[in-house]
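Here is the structure we will look at, set down as C-alpha cells.
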Amino acid sequence: MDSETFDSRPIGVFDSGVGGLTVLHECLVNLPAEDFIYLGDTGFFPYGSRSLEEVRSLAFRNVSFLVERGVKLIVVACNSAAAAALPQLQAAFETPIVGVVMPGARAAVQETRSRRVGLMATEATVRSESYQQALLSLDAGVNVYPVECPRLAPLIQEGDVFSEEVEEAVRQYVGPLKASEVDTVILGCTHYPLITPMLRRLLGPQVSLVNSAEEIAREVGEILERKGVGNRAGREGGYRFYSTGDPESFRRVGARFLQLPIREVVLWETRERASLAATDER
Ligand code: DGL
C-alpha cells in the first residue's frame, strides 16, 4: 500500500453479546492503528439456541446498523451468526463482510495430521453445517466430528469461568471428541478461548486447538493490506461500543473477554425487542 494513502473509516464488529470481544481483542492487538465499532447484541443473547432464520434476521439488522455508521469492513465475530447468515449478508450488502467460519476451517485443515477434526460450537452453528461444509470444501477427505455445546457459552458468560460447573460441562462435551481420536479441535464459539487451559488439560497435549478469533484477525489484516484500505500506520486507533442490553453489565462482563479497558457503552434500543421477547420465553 502507498504509505501516503489511507482509509480512516472504522471497522465494524458484531456479536450476539460480549463473546466477540475475544475477536475484537485479537484485532486490537494485531491492528493497533485501526478504529473499531463493536455492537454486542446482549439483549438477544444467546443466538445459539435460536432458529437459523431468527439468527439471520438479527444478523441483517446488525449489519445495517454498522453500515449506517460508515464502516469500511464488517467482521461477523459471532460463529452462530456467521454460520447462519454470512453468504446472505455478503450477497445483500456492498460493504465487504468477513466471518469467523472459513478462517478457522482453513487453519484446522492445515493443522491436522490425522485428518480427524473436532468442532465445539453452539447448536445453531453445528446445525447450519457451515463448518462441516467449509472443512470439506478445503479437504474432501477430512473427517469432521461436531459437538453441540449448548451449556458452555451461557455458563462462561454468566458465571465463574474457572468453576467446577464449567469443567464438568467441558468434560461432558470433549468425551465424544476423545472417543473419535481427533487431533485438532476448532473452538467454534467466541466464548471458548477463555477456557483454553481447561480444554487443553481435558483433551490432552496431543490435540491442537484452533482459535477462530486469532484466525479472523489475521484475515482482517490481510484484507486491509490487499485492498489498500488500512488506516495511517503508526497512529493509535480507538474503539467504541454499542449494546442492545444493559450497558453497565456489558462493561462489567466484557472486560474479561477484551482484556483491555472498556469505556463508554451506548445502548441501542432496537425495535425487535417486543416481537422477539415471545421467542425468549420459549
Ligand atoms: N457469539 C456466539 C457464538 O460464537 C456465542 C454463543 C451464543 O450466542 O449462543 O456462537
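For the reader, a short list of remarks on this structure follows.
- Dipole-positive endmost among 223, 128, 39 within the chain (Cβ charges, Cα centre): 223
- Value at 222 nm in deg cm²/dmol, rounded to 500, when DSSP H runs of n ≥ 4 in the chain each add -39,500 (n - 2.57): -14500 deg cm²/dmol
- Taking GluC sites (Glu not before Pro) across the range 211-264, the ones in a DSSP loop with at most 10 further Cβ atoms lying within 10 angstrom of their Cβ are 236, 264.
- Taking only the C-alpha atoms of the chain, Rg followed by Dmax gives 18.1, 55 Å.
- Between residue 171 and residue 240, the FRET efficiency estimated from the beta carbon spacing at R0 = 30 angstrom works out to 0.20.
- Short-range pairs are left out: with C-alpha atoms under 8 Å and at least six residues apart, the relative contact order of the range 1-148 is 23 percent.
- Between residue 180 and residue 110, the FRET efficiency estimated from the beta carbon spacing at R0 = 22 angstrom works out to 0.65.
- Rg over Rh [alpha-carbon atoms, Kirkwood Rh] for the range 8-55: 1.07
- Oblate is the label for the range 24-134, because a/c, from the alpha-carbon gyration tensor with a ≥ b ≥ c as root eigenvalues, is 1.5 or above and a/b does not exceed b/c.
- Tail fraction, Cα-Cα pairs, the range 138-282, threshold 27 Å, whole percent: 42 percent
- The range 49-137: GluC sites (Glu not before Pro) in DSSP loop, at most 14 other beta carbons within 10 Å: 94, 129
- The amide H of residue 36, built 1.01 Å from its N in the peptide plane, has 11, 238, 239, 240 as neighbours under 5 Å, considering only residues 5 or more places off or on other chains.
- Per-residue ³J(HN,Hα) for the range 192-207, Karplus 6.51 cos²θ - 1.76 cosθ + 1.60, θ = phi - 60°, Hz, x for Gly and Pro: 5, x, 5, 10, 3, x, 5, 5, 4, 5, 7, 8, x, x, 7, 9
- Note on residue 227 and residue 94: the extension gain reaches 46.4 nm, defined as 0.36 nm multiplied by sequence separation minus the Cα-Cα distance.
- Dipole axis of the range 24-74 (+1 Lys, Arg; -1 Asp, Glu on Cβ), positive-most option in 67, 24, 57: 57
- Here is the list for the range 203-271: trypsin sites (Lys or Arg not before Pro) lying in DSSP coil, each with at most 11 other C-beta atoms within 10 angstrom of its C-beta, are 263, 271.
- Förster-model FRET efficiency, 22 Å R0, residue 162 and residue 218, C-beta, rounded to 0.05: 0.20
- Inter-part distance where the range 216-269 and the range 27-73 are each reduced to a Cα centre, Å: 11 Å
- Approximating the spin labels as points 7 Å out from Cα along Cα→Cβ, the residue 143-to-residue 263 distance works out to 5.3 nm.
Read the figures in this text as sums done on the coordinates, not as results from a lab. Please read all numbers here as calculations on a predicted model, not as lab measurements. For neighbour counting, all protein chains shown are included, and Cβ atoms are generated from backbone atoms with ideal geometry for every residue, glycine included.
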